[in-house]
Amino acid sequence: MAERKKTQIICIANQKGGVAKTTTTAYLGTALARLHKRVLIIDSDPQCNLTYSMELPENLQEVASENNLAAIYESGLDAQSCVLAVRDNLHLIAASPDLVMTEVTLDSNPESLSAEPEAILRHALESLKNQYDYVVIDCPPNQGMLTLNALVASTWVIIPTLCSVISLTGLERMLEQVHEIVYGDPPLNEDLKILGVLLTRFRRDRTVEVDLEARLRSLEEEFMVFKTVIPDRSQFELMGELQAQTGRHLMDLSMVSYSLLPYLTLAMEVEKLLSPKGAALGRTDQAKDEARH
Ligand SMILES: Nc1ncnc2c1ncn2[C@@H]1O[C@H](COP(=O)(O)OP(=O)(O)OP(=O)(O)O)[C@@H](O)[C@H]1O
Ligand SMILES: [Mg+2]
């Protein structure tokens, strides 16, 4: 019997706000599900944007009002009971505004929740992770305990960033946090690796962004920048090749399709990187080369 592929847990994190963490979680999750992968997305942000973006029908909203990530942290609710089937192959563990209080408790009185407060999510996912090919976790725009829990539960982190000098401070902080988690004393998660830096809302018509992209790609010793770049949606009218590919007038395509397309490319890149061949080679320069070509 063929060996079952390991569940890949990917955290989408950057303490900088508005860099498309939630958009990336929603669309990468959707794209992987479209590629017939079994996907669980987790909303680990008290803003609940990922949960809202899924536009849950009323019956699932009702379930999510009680069975959500805050209840997993606060009352040790079984994660399985919080799983909502939102689309084909795509499941969600919803956030609730109660996560604000969860984060306060995790900061002020963590031992009241668990003896290992930074590993609550990791333990909660143990029982269900083998049901999925991918678990993708959306993080809040800070480096607090919810983000820490997501990073401790994950094997990979994708760092979305805008291509601006000011956004790069967020990238630097993320690299420091990942380093601390892997090599700290004690290490909180030695398995955590950076899958890649994802350039989002990218505008190829801006020289400053194109120059910065080249600089980031030259830092390949430190991290890999995904070949896939997510264009700013305002750029779609410039994507003439899209029209040629689909054979349809651009206006016939909904915004959803526009938004999903680059994420389908990203999903394929992620698949290739995490295929047994890519993963085995993943820590060598040769693999980095292969993944890019
Ligand atoms: N490719 C894109 N083109 C244009 N706008 C985008 C693109 N991707 C995301 N956005 C918009 O940018 C804003 C921020 O996106 P998103 O909420 O995903 O970021 P975030 O990093 O999750 O934010 P936060 O830090 O607040 O959680 C949203 O209004 C979203 O619709
Ligand atoms: Mg968000």
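What follows draws every value from the coordinates through simple rules; no lab data is involved. From a predicted model like this one, the values you see are computed outputs, not experimental measurements. With ideal geometry, Cβ positions are generated from the backbone for all residues, glycine too; neighbour counts draw on all protein chains shown.
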Taking θ = phi - 60°, what integer Hz values does the Karplus form 6.51 cos²θ - 1.76 cosθ + 1.60 yield along the range 15-29, in sequence order, with x for Gly and Pro? 5, 6, x, x, 9, 6, 4, 5, 4, 5, 4, 5, 7, 5, x
Cα radius of gyration and Dmax for the range 95-187 (Å): 14.3, 41
What do you get for GluC sites (Glu not before Pro) in the range 4-74 restricted to DSSP loop and a cutoff of at most 11 other Cβ within 10 Å of the site's Cβ? Glu55
What ranking, highest mean first, results for peptides 201-210, 149-158, 181-190, 45-54 when packing means the other Cβ atoms within 10 Å averaged over each residue? 149-158, 45-54, 201-210, 181-190
Say the cut-off is 19 Å between C-alpha atoms; which of Lys6/Lys227; Lys6/Lys129; Lys16/Lys227; Lys6/Lys193; Lys37/Lys193; Lys37/Lys129 go over it? Lys6/Lys227; Lys16/Lys227; Lys37/Lys193
